[in-house]
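Peer 1: Sending over a structure as C-alpha cells; questions will come in a sec.
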Amino acid sequence: MSNSEREKDDGPSQKLRFPEFDGLPIHPVCLGDVTEEPSTRNLGQLPSEFVMGVRKDEGIVPMEGRLIAENTSRYKIVKKDWFAYNPMRLKIGSIARWQGQEDVLVSPDYVVFRCRDEPKLVKVLPAYLDQFRGSDEWNAFVNGSGDGGVRIRIYFRDLARMPLLLPNPDEQQVIVACLKSVDDLIEAETEKLAAWRDHKTGLMQQMFAPSDKSIPSLRFPKYKSGGAWTHKPLGPNTTKVGSGTTPRGGSSVYSSSGRPFLRSQNIGWGRLRLEELAYIDEALHAASAASEVQTGDVLLNITGASIGRSTVADSRVSGGNVNQHVCIIRLKQKGFLPEYLCHFLVSPYGQAQIDSFQAGGNRQGLNFEQIRSFSIPAPPDIDEQKCIADCLSVLDLCITSQIKRIEGLRAHKSGLMQKLFPRTRMR
C-alpha cells in the first residue's frame with residue numbers, strides 16, 4: 001500500500017506490535033461491551049473512614065471529613081481493580097483504578113465501573129484499560145463527550161459508547177508490562193527529583209541566617225570569621241518594585257513573535273518556564289513601558305495559586321513585559337545580588353514571610369508595600385552572597401536536568417502508547 005493510500009485509510013491501525021502477536025485478531029468493541037456498572041451500595045457495611053475521592057494526579061485518596069455525609073449507606077462500594085470517577089471532572093482526568101486490597105467507598109454521585117469477567121468477544125484487563133485511559137483515543141472521546149456534543153457530566157452510559165480495538169488478553173498483558181516499565185523509570189526519576197529538591201531546601205535552611213539569628217548554621221570556611229549578618233528591608237535596596245497589566249483584549253492579542261510577555265505560569269521556582277510564553281507587538285509594548293523587563297530583574301508571582309514563585313530575568317525575556325500577576329524587583333548595584341535574593345525568596349524563610357502577609361494563610365496576594373518590607377538576611381561581604389547563590393544555582397541546574405529527564409521519559413511513553421494501542425482510525 002502506498003503512503004497516499006495509507007493516509008486515506010480510515011480503518012484500524014497499530015503501528016508497533018510485538019512479533020509473537022503478528023496476524024492475531026484485534027477485536028472491535030465498545031467500552032460497554034467489556035465493562036459494566038455495578039450497583040453495589042454500602043448499606044452501612046463500611047465506616048466513613050473508608051470514603052475516598054478521586055484526584056487527577058493522586059488517584060483514589062481519602063476524602064476530607066467535612067465532605068462526607070453523616071449517612072454513608074448510599075455510598076458506592078469500590079473493589080480492587082474497579083474504576084471510579086466524578087462525572088463532573090472526567091474531562092480533566094480525574095479517574096482512577098483502585099489497587100488496594102480492601103474495599104473502599106465513594107460518593108453516590110460518582111460513577112463506578114469494572115471490567116466484565118466474561119464478555120462476549122474478548123476480555124479487557126483492568127491494567128490495560130488503566131493505561132489506555134492516558135491515550136489520545138481516550139482523551140479525544142472524553143473531551144468530545146463521545147458525540148461531539150457539550151456535556152457537563154459524563155455518565156457511564158456516555159463512556160460506554162467509546163469504540164475500542166482490543167487485542168487478546170495475552171497481548172494486552174505484554175503491552176501493559178512494556179508501559180509499566182517506563183512508569184517505573186518515571187517513578188524512580190521522580191523520586192530523585194524530590195531528593196534534589198529536599199537537598200536544596202535543607203541547604204537553604206542552613207545557608208541563610210533566620211530572622212532571630214545573626215549567623216547561619218552553615219557557612220563557607222573562608223567566611224566563618226567574616227562577622228555577623230544583618231537583616232535589611234528590601235525596599236531601600238531597590239530602584240523598582242512594580243508589575244504590569246493584561247493588554248486590553250486579553251489572550252486574543254498574543255502572538256507567536258514580538259516582545260516576550262510574562263505571566264505567572266512563566267515564573268517557576270528559581271527558573272523561567274518558557275513553554276507557554278506569549279508575545280505582544282511593539283505597539284502594546286510601547287504602551288506598557290513601565291513594565292519592561294531588564295536582565296537581572298527578580299520576578300515574583302504576587303497573586304493566585306503560584307504566589308511566591310520567583311526567578312531572575314535573563315536575555316531571553318529582556319525587553320519584554322509582565323502582567324499584573326508578576327512583580328518586577330529591580331535592585332541597586334550595591335546591596336543584594338539578584339540570584340541571591342531569588343534564592344532567598346523561594347527558601348522556607350522567604351516563603352514564611354510571604355505567608356505571613358496572607359490573611360489566614362490563604363495566599364491571596366501581595367502588594368508592593370509588603371514586598372518592600374521583606375526582611376532579607378545579608379552577610380557583611382557581598383562575595384558571600386555570590387558563593388551562596390552559585391551553590392544553590394548548581395543545584396537548580398541539577399533539578400532542571402532531572403525535570404527534563406522526566407519530561408523525556410513521559411514523551412517516550414506517550415509515543416509508545418500511540419504506537420502500541422490499536423487505533424480506530426488513521427491520524
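The values are calculated or read from the model by the stated rules, or taken from the named source; none is laboratory data. Because the structure is a prediction, the values reported are computed rather than measured. Here the Cβ is made from the backbone with ideal geometry for all residues, glycine too, and neighbour counts use every protein chain on show. Ligands, DNA and RNA are stripped out before the accessible areas are found, and what is left, the full protein with its side chains, is counted by its heavy atoms. Shrake-Rupley method; radii C 1.70, N 1.55, O 1.52, S 1.80 Å.
Residue by residue, here is whether (1) touching a residue at least 12 places away in the same chain (Cβ under 8 Å); (2) of a type outside the set (Lys, Arg); (3) not in a helix (DSSP H, G or I) holds:
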residue: 274; (1), (2), (3): yes, yes, yes
residue: 290; (1), (2), (3): yes, yes, no
residue: 299; (1), (2), (3): yes, yes, yes
residue: 306; (1), (2), (3): yes, yes, yes
residue: 311; (1), (2), (3): yes, yes, yes
residue: 328; (1), (2), (3): yes, yes, yes
residue: 334; (1), (2), (3): yes, no, yes
residue: 345; (1), (2), (3): yes, yes, no
residue: 353; (1), (2), (3): yes, yes, no
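Peer 1: Out of 314, 355, I need the residue that is modelled with pLDDT under 95 and closer than 26 Å to residue 203 by Cα. Which one?
Peer 2: Working: 314 fails: modelled with pLDDT under 95.
Testing whether each residue is modelled with pLDDT under 95 and closer than 26 Å to residue 203 by Cα leaves just 355.
Peer 1: Can you name every residue in the range 47-70 that is more than 24 Å from residue 126 (Cα to Cα) and part of a loop (DSSP other than H, G, I, E, B)?
Peer 2: 47, 64, 68, 69, 70
Peer 1: Any residue in the range 378-389 that's more than 14 Å from residue 221 (Cβ to Cβ): show its pairings with residues that are open to solvent by 10 Å² or more (accessible area, probe 1.4 Å) and among the small types (Gly, Ala, Ser) at Cβ separation under 6 Å, as long as the two are six or more apart or on different chains.
Peer 2: What qualifies is 380/226; 380/227.
Peer 1: Go through the range 365-408 and give me each residue that's among the β-branched types (Val, Ile, Thr) and either at pLDDT below 95 or over 15 Å from residue 345 (Cα atoms) (or both). Talk me through it step by step, then tell me what you get.
Peer 2: Let us first name the residues in the range 365-408 that are among the β-branched types (Val, Ile, Thr), namely 371, 376, 382, 388, 394, 399-400, 403, 406.
Listed by number, the residues that qualify are 382, 394, 399, 400, 403, 406.
Peer 1: Would you be able to say whether some residue in the range 191-206 is in contact (Cβ under 8 Å) with a residue 40 or more places away in the chain, over 21 Å from residue 352 (Cα atoms), outside any helix (DSSP H, G or I) and among the charged types (D, E, K, R)?
Peer 2: no
Peer 1: Based on this model, can you work out whether residue 172 counts as in contact (Cβ under 8 Å) with a residue 12 or more places away in the chain, out of contact with any Asp or Glu (no Cβ under 6 Å at 6 or more places or on another chain) and either farther than 26 Å from residue 52 by Cα or surrounded by 17 or more Cβ atoms within 10 Å (Cβ to Cβ) (or both)?
Peer 2: Details: in contact (Cβ under 8 Å) with a residue 12 or more places away in the chain: yes; out of contact with any Asp or Glu (no Cβ under 6 Å at 6 or more places or on another chain): yes; either farther than 26 Å from residue 52 by Cα or surrounded by 17 or more Cβ atoms within 10 Å (Cβ to Cβ) (or both): yes.
Criteria met by residue 172.
Peer 1: Which of the residues that make up the range 207-217 are under 13 Å from residue 350 (Cα atoms) and open to solvent by 20 Å² or more (accessible area, probe 1.4 Å)?
Peer 2: Hits for the range 207-217 are 210, 211.
Peer 1: Go over the candidates 331, 284 one by one and state the one that is of a type in the set (A, V, I, L, M) and under 22 Å from residue 231 (Cβ atoms).
Peer 2: 331
Peer 1: Which residue, of 125, 164, is modelled with pLDDT of 95 or more and either open to solvent by 20 Å² or more (accessible area, probe 1.4 Å) or out of contact with any Gly (no Cβ under 7 Å at 6 or more places or on another chain) (or both)?
Peer 2: Result of the check over 125, 164: 125.
To keep it simple, each residue is scored yes or no on (1) under 23 Å from the mean Cα position of the chain (by Cα); (2) closer than 30 Å to residue 254 by Cα; (3) among the β-branched types (Val, Ile, Thr).
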residue: 315; (1), (2), (3): no, yes, no
residue: 323; (1), (2), (3): yes, yes, no
residue: 331; (1), (2), (3): no, yes, no
residue: 337; (1), (2), (3): no, no, no
residue: 340; (1), (2), (3): no, no, no
residue: 343; (1), (2), (3): yes, no, no
residue: 350; (1), (2), (3): yes, no, no
residue: 354; (1), (2), (3): yes, no, yes
residue: 358; (1), (2), (3): no, no, no
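Peer 1: Also: Out of all the residues in the range 111-121, which are at pLDDT below 95 and open to solvent by less than 80 Å² (accessible area, probe 1.4 Å)? Outline the logic, then answer.
Peer 2: Taking the range 111-121 first, the residues at pLDDT below 95 are 117-121.
Selection gives 119 alone.
Peer 1: With respect to residue 185, determine if the residue is in contact (Cβ under 8 Å) with a residue 40 or more places away in the chain, open to solvent by less than 20 Å² (accessible area, probe 1.4 Å) and outside any loop (DSSP other than H, G, I, E, B).
Peer 2: So residue 185 does not fit the description; no.
Peer 1: Do we have residue 81 as at positive phi and either open to solvent by 90 Å² or more (accessible area, probe 1.4 Å) or modelled with pLDDT of 95 or more (or both) here?
Peer 2: It is true that residue 81 is at positive phi and either open to solvent by 90 Å² or more (accessible area, probe 1.4 Å) or modelled with pLDDT of 95 or more (or both).
Peer 1: Here is a further query. Only one residue in 57, 117 is closer than 23 Å to residue 413 by Cβ, of a type outside the set (Ser, Thr, Tyr) and without any contact (Cβ under 8 Å) to a residue 12 or more places away in the chain, so which one is that?
Peer 2: That would be 57, the only listed residue that is closer than 23 Å to residue 413 by Cβ, of a type outside the set (Ser, Thr, Tyr) and without any contact (Cβ under 8 Å) to a residue 12 or more places away in the chain.
Results for (1) among the basic types (Lys, Arg); (2) buried (at least 18 other Cβ atoms within 10 Å of the Cβ), shown as yes or no for each residue.
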| site | (1), (2) |
| --- | --- |
| 355 | no, no |
| 366 | no, yes |
| 371 | no, yes |
| 377 | no, yes |
| 380 | no, no |
| 384 | no, yes |
| 397 | no, no |
| 404 | yes, no |
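Peer 1: Sticking with this structure for a sec: In the list 294, 324, which residue meets the criterion of being open to solvent by 60 Å² or more (accessible area, probe 1.4 Å), free of Cβ contacts under 8 Å to residues at least 40 places away in the same chain and part of a loop (DSSP other than H, G, I, E, B)?
Peer 2: On inspection, the qualifying residue turns out to be 294.
Peer 1: If you don't mind, another one. Is it the case that the range 18-30 has a residue that's over 22 Å from residue 137 (Cβ atoms), touching a Lys or Arg at 6+ places or on another chain (Cβ under 9 Å), modelled with pLDDT of 90 or more and surrounded by 11 or more Cβ atoms within 10 Å (Cβ to Cβ)? Walk me through it before giving the result.
Peer 2: First pass over the range 18-30, keeping only residues over 22 Å from residue 137 (Cβ atoms): 19-20, 23.
Imposing the further condition that a residue be touching a Lys or Arg at 6+ places or on another chain (Cβ under 9 Å) reduces the set to none.
No, every residue in the range 18-30 fails to be over 22 Å from residue 137 (Cβ atoms), touching a Lys or Arg at 6+ places or on another chain (Cβ under 9 Å), modelled with pLDDT of 90 or more and surrounded by 11 or more Cβ atoms within 10 Å (Cβ to Cβ).
Peer 1: Kindly provide the set of residues from the range 247-272 that are within 20 Å of residue 330 (Cα to Cα) and open to solvent by 70 Å² or more (accessible area, probe 1.4 Å), ordered by number. It would help to see each step written out before you state the result.
Peer 2: Looking only at the range 247-272, we keep the residues that are within 20 Å of residue 330 (Cα to Cα), and these are 259-264, 266-272.
Residue satisfying the conditions is 269 alone.
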